[in-house]
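Chemist: Here it is, the structure, as structure tokens.
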Amino acid sequence: MPATHHLTTPLSKDDIRKLRIGDLAFISGTVYAARDAAHKRMIEALDRGDPLPFDPRGQIVYYVGPTPAKPGKPIGSAGPTTSGRMDAYTPRLLQLGLAGMIGKGNRSRAVMDAIRDNVCVYFAATGGAAALISRCIKSYVVLAWPELGPEALAAMEVENFPVTVVADCYGGDQYEEGAKPYRRV
């Protein structure tokens, strides 16, 4: 039976070890927004020996490119993007202490291994619910690369942000498990 967790960032390894695929979690605290272009820039900075614009230890990155905010709102629609686009960059960030990611879709074998090896977690946000998800985002502040527009690196304060655990630190893969009953033998 899946469990429900209320998590506050930054996450500890103990927080992560409690999570199993299929569990529901509500995240509060700071979550970082970044997509393909920001990930590429982070890795380029590391390759040059430069520090990242944020300390990834214990943090969560949400793969999101939000729409412009309406007047009086911190952010527009903020649905998850396909996580596979970040797979080339993810293992290195997990090695630096990134605790988790939020997105949608399957991950590569290299990312799944890095999640297990580094005691991390991959959450899925519900695709198609971008307007509803944005209600959980209380602030959105660009930290680096504003010229990237919605793909810039940003810090978001979230409250009870709903996600499902789809890859746990024990090697569990909800996408794989969910498909099993429908496979033809």
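Chemist: Only residues that are of a type in the set (A, V, I, L, M) and either at pLDDT below 95 or under 12 Å from residue 122 (Cβ atoms) (or both): list them for the range 153-172, please.
Modeler: Taking the range 153-172 and keeping what is of a type in the set (A, V, I, L, M), we get 153-156, 158, 163, 165-167.
Result: 163, 165, 166, 167.
Chemist: Taking the range 143-172 on its own, how many of its residues are under 21 Å from residue 68 (Cα atoms), buried (at least 16 other Cβ atoms within 10 Å of the Cβ) and not charged (D, E, K, R)? Steps first, please.
Modeler: Of the range 143-172, the ones under 21 Å from residue 68 (Cα atoms) are 143-159, 161.
Right, trim to buried (at least 16 other Cβ atoms within 10 Å of the Cβ) and you get 143-145, 148, 150-158, 161.
Add one more test, that the residue is not charged (D, E, K, R), and what stays is 143-145, 148, 150, 152-156, 158, 161.
Summing the residues that are under 21 Å from residue 68 (Cα atoms), buried (at least 16 other Cβ atoms within 10 Å of the Cβ) and not charged (D, E, K, R) in the range 143-172 gives 12.
Chemist: Out of the range 101-148, which residues are without any contact (Cβ under 8 Å) to a residue 60 or more places away in the chain, closer than 16 Å to residue 159 by Cβ and among the basic types (Lys, Arg)?
Modeler: If the condition is that a residue be without any contact (Cβ under 8 Å) to a residue 60 or more places away in the chain, closer than 16 Å to residue 159 by Cβ and among the basic types (Lys, Arg), then 135 is the only one that fits.
Chemist: Looking only at the range 11-42, filter to residues that are closer than 19 Å to residue 82 by Cα and without any contact (Cβ under 8 Å) to a residue 60 or more places away in the chain; which one of those is surrounded by the fewest Cβ atoms within 10 Å (Cβ to Cβ)?
Modeler: Residue satisfying both the conditions and the ranking: 40.
Chemist: Residues of the range 109-142 being surrounded by fewer than 15 Cβ atoms within 10 Å (Cβ to Cβ) and among the polar types (S, T, N, Q), which ones?
Modeler: 126, 139
Chemist: Please count how many residues of the range 81-105 are polar (S, T, N, Q) and in a strand (DSSP E or B).
Modeler: Keep residues of the range 81-105 that are polar (S, T, N, Q), which gives 81-83, 90, 95.
Add one more test, that the residue is in a strand (DSSP E or B), and what stays is 82.
Of the residues in the range 81-105, 1 are polar (S, T, N, Q) and in a strand (DSSP E or B).
Chemist: Please work out which residue is farthest from residue 120 (Cα to Cα), limiting yourself to the range 173-185 and to residues that are surrounded by 12 or more Cβ atoms within 10 Å (Cβ to Cβ) and either of a type in the set (Lys, Arg) or over 17 Å from the mean Cα position of the chain (by Cα) (or both).
Modeler: Initially, the range 173-185 is screened for residues surrounded by 12 or more Cβ atoms within 10 Å (Cβ to Cβ), giving 173-178.
With either of a type in the set (Lys, Arg) or over 17 Å from the mean Cα position of the chain (by Cα) (or both) added as a condition, the list becomes 176-178.
On the way: 176: 18, 177: 19, 178: 21 Å.
Per the stated criteria, the residue is 178.
Chemist: Output the number of the condition that residue 95 fails; it satisfies all remaining conditions of (1) farther than 24 Å from residue 24 by Cα; (2) touching a residue at least 60 places away in the same chain (Cβ under 8 Å); (3) among the polar types (S, T, N, Q).
Modeler: Checking residue 95 against (1) farther than 24 Å from residue 24 by Cα; (2) touching a residue at least 60 places away in the same chain (Cβ under 8 Å); (3) among the polar types (S, T, N, Q), the one that fails is (2).
Chemist: Turning to a different aspect of this structure: Could you please find all residues in the range 65-103 being under 15 Å from the mean Cα position of the chain (by Cα), of a type in the set (Val, Ile, Thr) and at pLDDT below 95?
Modeler: 81, 82
Chemist: What number of residues within the range 1-46 satisfy the criterion of being of a type in the set (A, V, I, L, M, F, W, C) and either more than 16 Å from the chain's Cα centre (by Cα) or not in a strand (DSSP E or B) (or both)?
Modeler: 13
Chemist: If you go through the range 101-138 one residue at a time, how many are acidic (Asp, Glu) and closer than 30 Å to residue 73 by Cα? Even if it seems obvious, please write down each step before you answer.
Modeler: Within the range 101-138, the subset acidic (Asp, Glu) is 113, 117.
Next, only the ones that are closer than 30 Å to residue 73 by Cα stay: none.
So the answer is 0.
The values are calculated or read from the model by the stated rules, or taken from the named source; none is laboratory data. Every value quoted in this text rests on a predicted model; they were computed, and no experiment measured them. Using ideal geometry, Cβ is built from the backbone for each residue, glycine included, and neighbour counts are taken over all protein chains shown.
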